[in-house]
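The values are calculated or read from the model by the stated rules, or taken from the named source; none is laboratory data. These figures come from a predicted structure and were not determined experimentally. Neighbour counts run over all protein chains shown; Cβ positions are idealised from the backbone, glycine included. Just so you know, the surface numbers come from the protein's heavy atoms only, side chains and all, with ligands and any DNA or RNA stripped out. Shrake-Rupley method; radii C 1.70, N 1.55, O 1.52, S 1.80 Å.
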Amino acid sequence: MTAESVYRQIARELAAEADQHAAERHPQLGRCAAELGLVYLKFDAHPPATDHGVRAWNAAEAARESLQYGTAVGCGSDTARALLHLALDALAREHAAH
């Protein structure tokens, strides 16, 4: 049995957090936690490999910090930045492979 990656562990924590926010009727925070969890699953599938990957990681960590302070706005914008940099990281990896 292999150990679970840190990305999956974070995604599981965010899933639990999303469920908790939903139960407490904080839909914006719940959505943010869920969307951020999906970002970490993308990291698990394709670990960051370029400068954009590093930027994606930094943005995702900033989003997690915003969630800790209960700030959905900061979390949402940082999650969007993480997704954009992840996409650019994937394009850079694809370009390097050709």
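Going by alpha carbons, how many degrees (0 to 90, nearest 10) lie between the helix axis of 51-68 and the longest principal axis of the chain? That works out to roughly 10 degrees.
Computed with the Debye formula from one identical point scatterer per Cα of the chain, without solvent, the log10 of I(q)/I(0) at q = 0.10, 0.25 Å⁻¹ comes to -0.27, -1.21.
The C-alpha atoms of the chain define a longest principal axis, and helix 27-45 lies at about 30 degrees to it.
For the chain, the solvent-accessible area of protein heavy atoms averages 63 Å² per residue (probe radius 1.4 Å; ligands and nucleic acids excluded).
Between Thr71 and any residue 5 or more places off or on another chain, the built amide H atoms are never under 5 Å apart. The largest accessible area among Ser66, Ser77 belongs to the first residue in Ser77, Ser66, and the rest follow in falling order (1.4 Å probe, all chains). Applied to segment 82-93, the Karplus parametrisation 6.51 cos²θ - 1.76 cosθ + 1.60 on θ = phi - 60° returns per-residue 3J(HN,Hα) values of 4, 5, 4, 5, 5, 5, 5, 4, 5, 5, 5, 5 Hz, with x for Gly and Pro.
Full extension of the segment from Asp51 to Ala87, taken as 0.36 nm per residue of separation minus the current Cα-Cα distance, would add 11.8 nm. For segment 31-98, chymotrypsin sites (Phe, Trp or Tyr not before Pro) are listed when DSSP marks them as loop and at most 13 other Cβ atoms sit within 10 Å of their Cβ; the list is Tyr69. Measuring nothing but how far apart in sequence close Cα pairs (under 8 Å, 6+ apart) lie, relative to its length, the chain scores a relative contact order of 26 percent.
What is the spin-label model distance, in nm, from Gln20 to Ser77 if the labels are put 7 Å beyond Cα along the C-beta direction? The modelled label-to-label distance comes out at 2.6 nm.
Rounded to a whole number, what % of the accessible area of the chain do carbon and sulfur atoms account for, probe 1.4 Å? It is 56 percent, rounded to a whole number. Helix 6-23 axis versus longest C-alpha principal axis of the chain: approximately 30°, rounded to the nearest ten. Charged side chains reduced to their Cβ positions (Lys and Arg at +1, Asp and Glu at -1) give the chain a dipole of some 140 debye around its Cα centre.
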